[in-house]
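The structure appears right after this line, and notes come after that.
Bear in mind these aren't lab numbers, they're just calculated from the coordinates by the rules spelled out. The shown structure was predicted, so the numbers you read here are calculated from the model rather than taken from an experiment. Positions of Cβ are backbone-derived with ideal geometry, glycine not excepted, and every protein chain shown enters the neighbour counts.
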Amino acid sequence: MSEETRVNVVQLPLGRETPGQGDSGTWWSRQGGGFVTPSMFWVAEWMDSSTRAEHVPFAFWLVDALRPGGIVELTDAPGAFLAAYCQAVARLQLPTRCSAIPARDTGARRGGEDFAAHHDARYAQFSQLATRPAEQMLARFEEGTLDLLSIDLTTDPAGGSGGFAKRYHAWLPKLSKRAVVVVHGIGDPAADPEAREFWRTLADKYPHFEFLHGAGLGVLGIGMDLPPALHQLFALGGAEPRALDLREMFARLGRGLRMQAELGELQHRVQSAHDSDQLAKLEAALAAAREALAAARVDHVKTLKRLRKVEESFWWRITKPLRRLVKNHRWAFYNLRQWIMCGFWAATLRFGRLKKQMRPYRHARLVLKSGLMHEAWYLRQYPDVAAVGVPPSLHYVLYGGFEGRDPSPMFSSQAYLSANPDVMAAKTNPLVHYLQKGRYENRAIQPSTARPPAPKPPANPSATR
């Protein structure tokens, strides 16, 4: 398989077309003169806001063009660049081994827990995040087996190019005849001057190409047997229009990816700040609730003490039989009280008060005659009413309608009150309001959604046998 086929396009000088190709073929090859390939537009699976992230499209392109057998990145902070190498290797299904090696021994994996988890979940079969320094890892690689060596000047802990220069010369025998060296940080204004001098020394010795965006990226052609795509890349002059177009193309792609990464991190920080604010509000509400609970407990203890004093008083003990009588026959006492009041209002000729006193009984007869009040169903649905002994229609008028109880399967009290807030505000029984006004105003009613009570198990299971 030829090198042109391995890059998936026909490599040409920038701006020229394949003779006789016309409008057919791969449009990206014709438009970019062979430097534009589909791999440049892959969506990165891992991105961060570092300057190296701006060179992820070129990393895709480089792996696609070089098809390396071994990749080593010398860096203390592996991230988007190593992830791009691994993603390209996995997508192209290459038999490539990748390694990220730090400059010094810390005994811990680099790149952060999130990146390590991302890396191990996808690329652990062919890539490793080493913890030992470059000097100790050097012996694990055979000579002439590395096709791509990536050096990050921005993370040099030695404070200058001396450390990396020594490491570069140590790794030089490991490079193959088609090896490429990528140096990041050649244009970083914060980098040590000796680091830039290290790059200039290598650039004077080997064919190279420089990218100016993203703190600068230098590409060196160390090997003599390079693919045609890289020969054409190194043949471009620094100020040549085609070189400027190529730099601008990769710069725009890289900056777009970095902006997406920065936007994602900003959204994450905003969400974290929002969660922190919510947590602070919840903690404040919890503290207030605890204070209110403590105050309620104090009031509860005081109330219990006052209640105990009342229960232990002489008059409370002596009136116990009378209270029990009233409790067991409260509806009889209620009816007696009603008739006594009615007789009083009639004797004093205060018929307005008499009419008001008799209103619950009139409403009970109204709902009973309407057909929407089923007393037998009401008693089966609410057994506590039967235990009291009050007529179901009267109980519904006085209490049941306001408690959300339904008079029959055909009428839902809660639904009527929810659909008519004015009825709830007026504290009117829902069925009484519907019979007196609602049906003439075309107000809708809904069937009951109440479920019948579950049957109670027998007290003695043997009795059912």
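Assorted remarks:
- Least to most buried among Leu148, Leu236 (fewest other Cβ within 10 Å first): Leu236, Leu148
- Ranked by the mean number of other Cβ atoms within 10 Å of their residues, highest first, the peptides 339-346, 131-138 fall in the order 131-138, 339-346.
- Nearby aspartates and glutamates by direct alpha-carbon distance to Lys177 (threshold 16 angstrom, same-chain neighbours under 8 apart not counted): Glu3, Glu142, Glu143, Asp147, Asp225
- Put in line by how crowded their Cβ is, counting other Cβ atoms within 10 Å and starting with the fewest, Phe209, Phe81, Phe126, Phe60 read Phe126, Phe209, Phe60, Phe81.
- Neighbourhood net charge (14 Å Cβ-Cβ; Lys/Arg +1, Asp/Glu -1) for Arg443: 0
- Cα convex hull, region 43-140: 96 Å³ per residue, rounded to a whole number.
- Here the Debye sum runs over all C-alpha atoms of region 358-438 as equal scatterers in vacuum, and log10 of I(q)/I(0) at q = 0.17, 0.18, 0.25 Å⁻¹ comes out as -0.58, -0.66, -1.26.
- Exceeding the 28 Å Cα-Cα cut-off - candidates Lys302/Lys427; Lys320/Lys356; Lys166/Lys205; Lys305/Lys427; Lys355/Lys427: Lys302/Lys427; Lys320/Lys356; Lys305/Lys427
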